[in-house]
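Each value in this text was obtained by applying a stated rule to the coordinates, not by laboratory testing. Bear in mind the structure is a predicted one, so any value in this text is a computation, not a measurement. Reconstructed Cβ throughout: ideal geometry from the backbone, glycine too, with neighbour counts over all protein chains shown.
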Amino acid sequence: MSESEPTELSDIADGLAAAVALRQLADQLEDLHVERAMREGWSWPQVAEALGVTRQAVYKKHSGRLADVGVELRRRKNA
């Protein structure tokens, strides 16, 4: 679509609604697969690397929910 074409407000609203729906779907997929990975024994750094984020970010986002659903969370061993 070029900038010179008029855009219907409903087209913009539909596009934004689609972006929201996709974001929600992506979050649900991430939640599902992070839970699967942790149940299979993946470490926080492994999950973080797969998602392209830091270990701290993935832990902050998912640890509470995972604990609530009974996933045993691995802790780092002190060296």
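For the chain, the 222 nm mean residue ellipticity estimated from helices alone, with every DSSP H stretch of n ≥ 4 adding -39500 (n - 2.57) and the total spread over all residues, rounds to -22500 deg cm²/dmol. Mean sequence separation of contacting Cα pairs (under 8 Å, at least six apart), scaled by the length of the chain, corresponds to a relative contact order of 23 percent. Could you tell me whether region 40-79 comes out rounded, prolate or oblate from its Cα gyration tensor? Rule is a ≥ b ≥ c as square roots of the eigenvalues, rounded for a/c under 1.5, then prolate if a/b exceeds b/c, otherwise oblate. Oblate shape, in that a/c is at least 1.5 and b/c is the bigger or equal ratio. Shape class for the chain: prolate, because the ratio a/c of the largest to smallest gyration tensor axis (alpha-carbon atoms, square roots of eigenvalues) is 1.5 or more and a/b beats b/c. Taking the 0 to 90 degree range and rounding to the nearest ten, how far is the long axis of helix 55-68 tilted relative to the main principal axis of the chain, both from C-alpha atoms? Once rounded, the angle reads 80 degrees. Once the C-beta distance of Gln56 and Ala19 is scaled by a Förster radius of 22 Å, the resulting FRET efficiency is 0.20 to the nearest 0.05.
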